[in-house]
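The block underneath contains the structure these notes are about, expressed in structure tokens.
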Amino acid sequence: MKSLYLASSIADSGAHIAKKVKPKHAAFIITAGEPEKEKGWIDDDRNGLNKAGISTFDYTLTGKTPANLERDLGGCDLIHVNGGNDFYLLLQAKKSGFDQFINKQVNKGVIYIGSSAGSAVAAPDIAIASFWESDRKYLAMLPDTQGLNLVDFIVFPHWASELYKDLYAKRLADAYQKGNKIILLNDDQYVEVKDDHYRIVDVTKE
């Protein structure tokens, strides 16, 4: 069964998700955070999973090859892709072959968990997720903005956050057109995907 958990903040929802999964070998992909100066949220997110009983090891896609991914991640029954810069993450996913690798793994039953950027890149395309000036540099390096195509929608994380208030006002106006399937998630919510069915879960209400 195809199984994904796409969170806004895994630090806030990790304990709730952990009740539904029992991984033996879980990777924690830190790639999206590599361009960022402040990385405190990475520790918060990792701790969110670890404290919930999911043991992880850190891994980056940067500089990896398809053979590396098969060797290093092929035995994982859970792969968590953490947050940071969406377009840097997508760039490294394409360069390493992770975009093809993760599709194969998810279809085999490997659990995919995303947080923030890790949730957004699961979409068919992430062009409408460009918020920051720094995105332009990585957009210019990408052959296209096609995402991992694990789901048929795009997650916009951190809804109702003051940091994103003005950015979302503009971006949602630009994205207001037919064909864009957007799910807005606050930090207490995640999307649970089982095969072709999905639902939004609010951890404060379950």
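The values are calculated or read from the model by the stated rules, or taken from the named source; none is laboratory data. From a predicted model like this one, the values you see are computed outputs, not experimental measurements. Backbone-built Cβ (ideal geometry, glycine too); neighbour counts: all protein chains shown.
Some points to look at:
- Condition check for residue 7 on (1) surrounded by 23 or more Cβ atoms within 10 Å (Cβ to Cβ); (2) at pLDDT below 95: one failure, at (2).
- Per the conditions (1) closer than 14 Å to residue 8 by Cβ; (2) acidic (Asp, Glu); (3) at pLDDT 95 or above; (4) out of contact with any strand residue (DSSP E or B) (no Cβ under 6 Å at 6 or more places or on another chain), the sole criterion not satisfied by residue 202 is (4).
- For residue 22, the requirement of being free of Cβ contacts under 8 Å to residues at least 60 places away in the same chain, of a type outside the set (Gly, Ala, Ser) and farther than 24 Å from residue 96 by Cβ is met.
- The set of residues in the stretch 109-125 being over 9 Å from the mean Cα position of the chain (by Cα) and closer than 23 Å to residue 59 by Cα consists of 109, 110, 111, 123.
Results for (1) touching a Lys or Arg at 6+ places or on another chain (Cβ under 9 Å); (2) farther than 26 Å from residue 21 by Cβ, shown as yes or no for each residue.
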site	(1), (2)
102	no, no
119	no, no
147	no, no
150	yes, no
154	yes, no
163	no, yes
195	yes, no
202	no, no
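- Residues of the stretch 174-191 satisfying the condition of being of a type in the set (Ser, Thr, Tyr) and outside any strand (DSSP E or B): 176
- Note on the stretch 20-38: among residues that are at pLDDT 85 or above and among the charged types (D, E, K, R), the one that is nearest to residue 64 (Cα to Cα) is 34.
- Selection from the stretch 146-160 of residues that are without any contact (Cβ under 8 Å) to a residue 60 or more places away in the chain, farther than 23 Å from residue 110 by Cα and surrounded by fewer than 18 Cβ atoms within 10 Å (Cβ to Cβ): 160
- Each residue in the stretch 5-41 was checked for being touching a helix residue (DSSP H, G or I) at 6+ places or on another chain (Cβ under 6 Å), closer than 14 Å to residue 55 by Cα and not hydrophobic (A, V, I, L, M, F, W, C), and 1 of them qualify.
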